[in-house]
Structure formats: structure tokens, C-alpha cells
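Right, I'll just put the structure down here and ask away after.
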Amino acid sequence: MTDQTARARLFRDLHVKGAPLVLFNAWDAGSAKAVAEAGAKAIATGSWSVAAAHGRSDGEALPLDLVLANLARITAATDLPVTVDLEAGYGADAAAVGETVARALAAGAVGFNIEDGVPPEGGLREAGGQAERLKAARAACERAGVPAFINARTDVFFQKPADRHDADMAQAALERARLYAEAGADGLFVPGLMDETLIGRIAELSPLPVNVMATPASPPLSRLAELGVARVSHGPFPYIDAMKALTEAARRAMG
């Protein structure tokens, strides 16, 4: 067993329904080491933060070569499992997504976020086409011999404001979850979802362990655990808070 395989299996085992894995998203090797020193069990990147740290916007505006070079520096800086946000897979078709995943595996990742939103506009990709992209990602992991964790992100709840989220949207997310599970995904990421009733319904009925994003408006970690969530990501918020602190420190220093 290689070290990467061992980390992949460890990362997979950290996803427990009702005992969420907390991922305080990093954006470079330095922030990854800081998060590790705080007691993290794994390191996750967030595409928004990585792009912002490079002076770019989110939505695959940061070239893939830079994403992977940044990933390689992170995996070299920690012994923890590292999962990388690959946005929509940086590919026009399924084969290209598979190549992206193969390159991320070569850079040391043991997990991936792959979303069904279409960058940069953010509309939803047709579910069957997204399943083919996830199948290509799984095939790339199998060729590499790494049981990497494919976290299938669905942007269903980004299509309407939070006050218009309803049971029909939850059902649409669950239908995608079933299709994505059949395609080889290991987890379902539903950012934008904040309503406790809908979180609980999806966590109960999803064939995949559920990942939600922690926001100032979302339920606390203890409640998310009670609702059956298996993973909680912090997305761009660690970077935003860090940059606010840096700006304030610089302002004080300059009087």
C-alpha cells in the first residue's frame, strides 16, 4: 500500500453520518500548515480562496497548471489527506475531466470536489452529462490505483435565494445524488443549503454521505451532526476572515 492509498482510505473513513468531518478550507501551503497545527484531520482547498490568493476570480479563471502547482506545494507541506476543489473539472468533456483528475492525483490529492455548475455563469449542467464526467473521474482514480474520494457537488440550491428553497429542490438534489452515486461518486456536496428541514431530509435519503457548507446563516456544527451531516466545509470564509484581519493589521501599522 502506498502512502497516498493509505491517506485516501483514511480520508474516506473520516466521513461518518452524524459525526461530521470539519474542513477549514486552506488556499496555499502556509494556510494548510496553520490549519493542520490547529488539529485538522484533513486539508481541503476551496477554489474561490485559491483563485483569490492568486489575484483571480472563481469560475475556472485560474489556469489549471497554477491550481495543480499550488496543490503540489500543499501536499508536500503536510502528511494529512488533501482534497482539492477542481470546480467543474476543467474540461469541456468527460475525457478532459478524467485527465484533470489524473493530474491532481499525480500532485498528491486523495479527494476531489467536482461540481455540476457550469463556470463561470453557474447554471446547472444536465444531470446525465455530469454523471459521465464523474464516471471519467472514477476511471482515472482506478487507473492510478488510488481510492480517491469524489465529492459530487450539486449547485441546485444556488439556483434560487435561500428564502425560496423548497422540497422540490431537495428532491431534485436527491435525484442527482442517486445518479452521481451510480457514476462512482462517494459524497454529495450541497452548498447553499441552510434550511434544517431540507438538510435533514437530504441527509436521511441521500445514498451518499452529505457535505454542507458552514456559513454565518447555517445551523451550528452540533445541529448539523444531529441532522445526519457527514462533512462540513468552510469554503471561502477562512480566506475572507484572514484577509480582513490582514487589512486591519496593515491599517493599524500605517496609522
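Quick one: is residue 88 more than 26 Å from residue 3 (Cα to Cα), hydrophobic (A, V, I, L, M, F, W, C) and within 12 Å of the chain's Cα centre (by Cα)? Please lay out each step first, then the result.
Details: more than 26 Å from residue 3 (Cα to Cα): yes; hydrophobic (A, V, I, L, M, F, W, C): yes; within 12 Å of the chain's Cα centre (by Cα): yes.
Yes.
Scan segment 1-48 residue by residue and report those that are β-branched (Val, Ile, Thr) and either over 18 Å from residue 151 (Cα atoms) or in a helix (DSSP H, G or I) (or both). Steps first, please.
Taking segment 1-48 as the starting set, the residues that turn out to be β-branched (Val, Ile, Thr) are 2, 5, 16, 22, 35, 43, 45.
Once the filter is applied, which keeps residues that are β-branched (Val, Ile, Thr) and either over 18 Å from residue 151 (Cα atoms) or in a helix (DSSP H, G or I) (or both), segment 1-48 yields 2, 5, 35.
Related question: Restricting to segment 11-55, give me the number of residues that are closer than 23 Å to residue 115 by Cα, under 17 Å from the mean Cα position of the chain (by Cα) and loosely packed, with under 15 Cβ neighbours inside 10 Å.
Number of matching residues: 2.
May I pose another question? Which of (1) closer than 24 Å to residue 130 by Cα; (2) more than 16 Å from the chain's Cα centre (by Cα); (3) surrounded by fewer than 20 Cβ atoms within 10 Å (Cβ to Cβ) is the odd one out, the single condition residue 62 does not satisfy?
(3)
Could you list all residues from segment 117-141 that are touching a Phe, Trp or Tyr at 6+ places or on another chain (Cβ under 8 Å), within 30 Å of residue 161 (Cβ to Cβ) and surrounded by 21 or more Cβ atoms within 10 Å (Cβ to Cβ)?
117, 130, 131, 134
So, in segment 89-109, of the ones that are part of a loop (DSSP other than H, G, I, E, B) and touching a Leu at 6+ places or on another chain (Cβ under 8 Å), which residue ends up surrounded by the most Cβ atoms within 10 Å (Cβ to Cβ)?
Within segment 89-109, the subset part of a loop (DSSP other than H, G, I, E, B) is 89-93, 107-109.
When the remaining residues are screened for being touching a Leu at 6+ places or on another chain (Cβ under 8 Å), the result is 90, 107-109.
Working: 90: 21, 107: 19, 108: 21, 109: 29.
If we take residues in segment 89-109 being part of a loop (DSSP other than H, G, I, E, B) and touching a Leu at 6+ places or on another chain (Cβ under 8 Å), then 109 is surrounded by the most Cβ atoms within 10 Å (Cβ to Cβ).
Each reported figure results from applying straightforward, stated rules to the coordinates on display, with no laboratory input. Note that the coordinates shown come from a computational prediction; the quantities given were computed from them, not determined experimentally. Note that we place each Cβ from the backbone using ideal geometry, even for glycine, and neighbour counts take in every protein chain shown.
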